[in-house]
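**Q** Sending over a structure as structure tokens; questions will come in a sec.
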Amino acid sequence: THVLVLNGPNLGRLGIREPDVYGAQTFEDLAELCRETGRELGLSVEVRQTDSEAELISWLHEAADGRIPVVLNPAAFTHYSYAVRDAIAQRTAPLVEVHISNPAAREEFRHTSVVAAVATGTIAGFGLQSYVLGLRAIAGAKE
Ligand code: DQA
């Protein structure tokens, strides 16, 4: 099974960006962890990152059209992008929303996810392990 791991704005700056919140590992470390987890689970994992809402939406359309399972960290789009939400709502394959930090334990504006209701489920607060758990959920999900 092919799986897309999609990442929204500022996640390309992992390791540089607020390391107290997001850790010292880089985006390339994250991508390698996801691909390695995929190899263990028998999934072909492709990792992408964009700062552009339009590009993220085009990838979600690609996933919907191809019925491709997705692990998605929508980053700040989580909290306000109805366009990302509407793109996710078109999917039929599983989609796991993941976060590195636990948004519920942070600022008030992070307590709302406008995408959670259209995701299959959400994993947050486990650092980069959130992605590993998300991939495990995809591997175990009934399509
Ligand atoms: C994040 C949490 C969001 O609130 C934030 O805007 C991010 C990263 C996380 O992975 O913890 O960019 O999605």
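**Q** What Kirkwood Rh does the chain have if only Cα atoms enter the pairwise 1/r average? Answer in Å.
**A** 14.8 Å
**Q** Also, quick follow-up: Per residue of the chain, what 222 nm ellipticity follows from adding -39500 (n - 2.57) for every DSSP H run with n ≥ 4, rounded to the nearest 500?
**A** -11000 deg cm²/dmol
**Q** With a ≥ b ≥ c the root eigenvalues of the C-alpha gyration tensor of segment 82-135, is it rounded (a/c under 1.5), prolate (a/b larger than b/c) or oblate?
**A** oblate
**Q** Also, I was wondering about something else. Would you mind computing, in nm to one decimal, how far apart the modelled labels at residue 18 and residue 126 are, each placed 7 Å from Cα along Cα→Cβ?
**A** Each label point lies 7 Å from its Cα, and together they span 2.2 nm.
**Q** Alpha carbon centre of segment 121-143 versus segment 4-68: separation in Å?
**A** If we compute the Cα centre of each part, the gap is 13 Å.
Where a number appears in this text, it was derived from the coordinates with a stated rule and is not lab data. Because the structure is predicted, anything quoted here is derived from the model rather than measured. Glycine gets a Cβ as well: all are built from the backbone with ideal geometry, and neighbour counts include every protein chain shown.
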